[in-house]
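Below is one structure; the comments refer to it alone.
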Amino acid sequence: MKKILLLGGSAQQVVAIESAKRLGYYTVLCDYLPDNPGQYHADVFHQVSTTDKEAVLEVAVNEKIDGILAYASDPAAPTAAYVAEKLGLPGNPYKSVKILCNKDLFRKFLAEHGFCTPKAKGYGSIADAEYDLKSGLFSFPVIVKPVDSSGSKGVSRINSTDEVEEKLEYAMSFSRSKRIIIEEWVEKYGYQIAGDGLSIDGKLVFRYFANDHFDPKCVNPFVPISASFPYNMPEDVQTKIHDTIQRLLTELGMRTCTYNFDMRIDKDYNVYLMEVAPRDGGNYIPDVIRYATGVDLVECSVKAAMGDPIELPADHDPKGFWSYYAVHSYKDGVLDEVKVRDDVKPMIIENHLIKHPGDHIEAFRGANSTLGCFVMKFNSMDQMLHMMDHSEDWINAKNRK
C-alpha cells in the first residue's frame, strides 16, 4: 500500500485524509496540535509542526512515504515542496512554491516579470515601514499584511498616518517570520475574484472562478465571508484571467498542482493576481466546486501528490448557483444560537458549524475565527449575490448577554 504524508489535521483538512484512504493510500499525518481531529482518521499520527521542514523530512524518511500533501494550507505548502524535492517525490519546485506562499517574494516576482501588481515593499522592521509610510513613499490608502499568514489574518487597510503604528504592529503579530508587506490599494471593478484550479504538467486544465463577498461590519472587513459561483463577468474577461494565471504558472515552472485564487480586475480589465496559492481553497470551496462541476479537487490534489494520473469528468461545465458562507460573529462572547430564517434552511446543502450554544466565540478577524461554514445552493445569480451581500437579512449569530 502506497503511503501519503498529509500536513495538517484540522476539521477542514479531514476531507483530504478521508479522500486518500478512499483511494487506497496508507495515511500518515503531521500536526503540531495534540487535539487535532485528523489524527482519528489517519492511520498514523506524528505530533510535528507542519512548518518544521527538517522534522517533517525526518518523518517522511522514517515512514518511507510515496507522496506528501499540504491540503488547504499555505504555511505547510513550502514544507511539502521541500520534502518532495529532497526525496525525489512528485511535487512542484520548492523555490516556486516559496514565492507563491510569501507575499513579498510574490509581489517582487510579479513586478520583475511584467504582471500588473500594486506598488509594494516588504519589511522586517516596523520602524522602517513606519518611516516609509510617513515620508510619502506610498500613497494612502495602503494594505498591510503579514507576508506568510493565510485566511486574511492580520490584514488591515491604513488610510492615514494616524493609523500607521497600530496596524503595522497588528500585521507583524501574525507573521511567523516577523515580516510584513505594504501594498498600495487596488481599486477593483466588480467583485474580487476567488476560486480554485488545477494544472497538469504545467497546463491550467481546469479553473472555476467565484465572486468574493465581504461584511463591512466585521472587525476585519477584509476577510471573505463567502465565495459565490459562478463569477458574474463575461467569458472573455474570464479567459483573460485564465491566460494571466497560465503565464504565471509557466514562468514558475509549476507542474501538477491544485490552486486557490485571489484576484482583482480594474475598470480596464487589467488582471491583478493578489494571491495564487499552490493548494486547494479552504472553507469547503472544493465541495462547492464538486457540486457545480463534478470535479473533485480534493481527489485531484491527493493524486497529484502521489504522481498518479488525473482524469477530469467528460462533462464538467458548471451547473447551478453555489456558495460557501462563513458563519461569523461581530464580537467576542459566548454563543447563544445561530438563527437562520426558515425559508433559507433548504438552501443549506452542507452544515459544517463547529461552534455550538455555550461555546466561547471570537469576533471575525480571520478564517480561524469562523463559527463554521455552510455550503449553499440558490435558484439564480441575482438571489445568490443578494443573499451573500446581505447575509444579515437571513442569519444571526447571537451572543449571550
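Worth pointing out:
- Of all residues in the range 1-17, those satisfying the criterion of being among the aliphatic types (A, V, I, L, M) and in contact (Cβ under 8 Å) with a residue 60 or more places away in the chain are Ile4, Leu5, Leu6, Leu7, Ala11, Val15, Ala16.
- Qualifying positions in the range 232-267 - part of a loop (DSSP other than H, G, I, E, B) and either in contact (Cβ under 8 Å) with a residue 24 or more places away in the chain or in contact with a helix residue (DSSP H, G or I) (Cβ under 7 Å, 6 or more places away or on another chain) (or both): Asn232, Met233, Gly253, Met254, Arg255, Thr256, Asp266, Lys267
- Some residue of the range 127-142 being touching a Pro at 6+ places or on another chain (Cβ under 8 Å), closer than 27 Å to Ser226 by Cβ and either at pLDDT 95 or above or in the same structural domain as Tyr26 (by TED's automatic domain parsing) (or both): no
- Single residue of the range 317-326 satisfying the filter (surrounded by fewer than 16 Cβ atoms within 10 Å (Cβ to Cβ) and of a type outside the set (Lys, Arg)) that is farthest from Asp287 (Cα to Cα): Asp317
- Glu337 vs. criteria charged (D, E, K, R), more than 19 Å from Ser226 (Cα to Cα) and surrounded by fewer than 16 Cβ atoms within 10 Å (Cβ to Cβ): yes
- Among the residues making up the range 164-209, those that are in a strand (DSSP E or B), of a type outside the set (D, E, K, R) and farther than 19 Å from Leu133 by Cα are Ile193, Ala194, Gly195, Gly197, Leu198, Ser199, Ile200, Leu204, Val205, Phe206, Tyr208, Phe209.
- Taken as a whole, the range 368-387 holds at least one residue that is modelled with pLDDT under 95 and assigned to a helix (DSSP H, G or I).
- In the range 70-91, residue nearest to the chain's Cα centre (by Cα) [restricted to those that are modelled with pLDDT of 95 or more and surrounded by fewer than 22 Cβ atoms within 10 Å (Cβ to Cβ)]: Tyr82
- When restricted to residues that are without any contact (Cβ under 8 Å) to a residue 12 or more places away in the chain and surrounded by 12 or more Cβ atoms within 10 Å (Cβ to Cβ), the range 343-401 contains 1.
- From the list Ala77, Ala70, Ala111, the lone residue that is more than 30 Å from Glu184 (Cα to Cα), not basic (Lys, Arg) and not assigned by TED's automatic domain parsing to the domain that holds Pro278 is Ala70.
- In the range 167-204, the residues that are β-branched (Val, Ile, Thr), closer than 27 Å to Thr250 by Cβ and either under 18 Å from the mean Cα position of the chain (by Cα) or surrounded by 20 or more Cβ atoms within 10 Å (Cβ to Cβ) (or both): Ile181, Ile193
The values are calculated or read from the model by the stated rules, or taken from the named source; none is laboratory data. Since this is a predicted model, take the numbers as computed values, not measurements. Cβ: placed from backbone, ideal geometry, glycine included. Neighbour counts: every protein chain shown.
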